[in-house]
1. Quick check: pseudo-label points 7 Å beyond the Cα along Cα→Cβ at Arg233 and Asp121, how many nm apart are they?
2. How high is the relative contact order of the chain, in percent, counting Cα pairs under 8 Å that sit 6 or more residues apart?
3. From the phi of every residue in segment 95-107, what ³J(HN,Hα) in whole Hz does the Karplus formula 6.51 cos²θ - 1.76 cosθ + 1.60 yield, where θ is phi - 60° and glycine or proline is x?
4. Anyone know which of Ser188, Ser218, Ser12 comes out most mobile in the 10 Å Cα GNM of the chain?
5. Using amide H atoms built 1.01 Å from N in the peptide plane, name the residues 5+ places from Val86, or on other chains, whose amide H lies under 5 Å from its own.
6. Calculate the spin-label point distance for Arg151 paired with Asp27, positioning each point 7 Å from the Cα along the beta-carbon direction, and give it in nanometres.
7. Residue by residue through segment 234-249, what is 3J(HN,Hα) from phi via Karplus (6.51 cos²θ - 1.76 cosθ + 1.60, θ = phi - 60°)? Round to whole Hz and write x for glycine and proline.
8. Provide, as a two-decimal number, the C-alpha radius of gyration of the chain over 2.2 N^0.38 Å, N being how many residues it has.
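Here, each number is a calculation from the coordinates, and none is a lab measurement. Values in this document were obtained by computation on a predicted structure and should not be read as measured data. Cβ placement follows ideal geometry from the backbone for every residue including glycine, while neighbour counts extend to all protein chains displayed.
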Amino acid sequence: MNDKLSPVAATSVGVARIRARESTRADRLFEDPFAAAFAAAGGDPAVSSSTHSERLRIALYVQVVVRTRFYDEELLAATAAGCRQVVLLGAGLDARAFRLSWPDGVRMFELDQPEVVEFKDRVLAEVAAAPRCARTVVPVDLCADWSTPLRRAGFDPAVPTAWLAEGLLVYLDAADAAQLLSTVTAASTAGSRLVTEAGHAKTDLAALGADSAGGVTSLWRGGLGADLAPYLRDEGWDVEEVRLADLAAAYGRPAPAATAGFLTAVRR
Ligand SMILES: C[S@@+](CC[C@H](N)C(=O)[O-])C[C@H]1O[C@@H](n2cnc3c(N)ncnc32)[C@H](O)[C@@H]1O
């Protein structure tokens, strides 16, 4: 089944594989009971992790598990603080709608390429998964007009929203990442929040021995890189940076050499 997914779409299965592995650990940072089904349905990796150095493999693993736990906490905090819409940009096989306990009235919108949305919902139907909030999938190209389909799906820009761009921006070039974030800004009333990677992942992780042909990093276009935080500040967001190494230490995991971290932003 996975050979039908394009390489970028198949990166969602790669993340699910990591979440499935983490979920079996006694000291797991989260439990994702759906990740194993996604990994099994996804078949063999489309991009070969065997081309990655051991240091890069470990760094990718730690980055995914730490960010999963951190974004779980951030999104639950945002909804506890009053955000009643959650939008997952490049949702991939994110199962937060199914595995987290959401306050009443939360509406979640999951945006990804049609092929990913179809694959995900087929697997979820096979395991009879039931969402724990109102969930709407919106198949889109995030480099085209996605705000019109989002609004048609019921999204209300007047409602404070928690936005998540997890493992997404690095797959876009700078112009597409900027356009996407400007669209997010235009759809965000005061008090809305955004969480995402800090933007240095390409340089940080690639330095760990990547860039062999066929590796996942060959799909990375870099997003806004180091310009991400200044860009968001200029757009009207209060931005804080959180270092991955600090979070990893707080969660009791050895800190990787990579210094990539995360941004939390609140719309002024
Ligand atoms: C590494 S996966 C991350 C998925 C999910 N956020 C997670 O962390 O589990 C990247 C996702 O971004 C999606 N994506 C990349 N470019 C996209 C685009 N132009 N339009 C829609 N989705 C896109 C891919 O289809 C894929 O599901």
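1. 4.2 nm
2. Values: 511 pairs, mean separation 53.3, N = 268.
For the chain, the relative contact order is 20 percent.
3. Rounded to whole hertz, the list is 10, 4, 4, 9, 10, 9, 9, 9, x, 4, x, 6, 10.
4. Most flexible of the set in this elastic network: Ser218.
5. Arg107, Met108, Phe109, Ala162
6. Each label point lies 7 Å from its Cα, and together they span 4.9 nm.
7. Per residue, the Karplus-derived 3J(HN,Hα) values read 5, 7, x, 10, 8, 10, 10, 9, 10, 7, 4, 4, 5, 5, 4, 5 Hz.
8. Working: Rg = 17.2 Å, N = 268, 2.2 N^0.38 = 18.4 Å.
Rounded to two decimals, the normalised Rg is 0.93.
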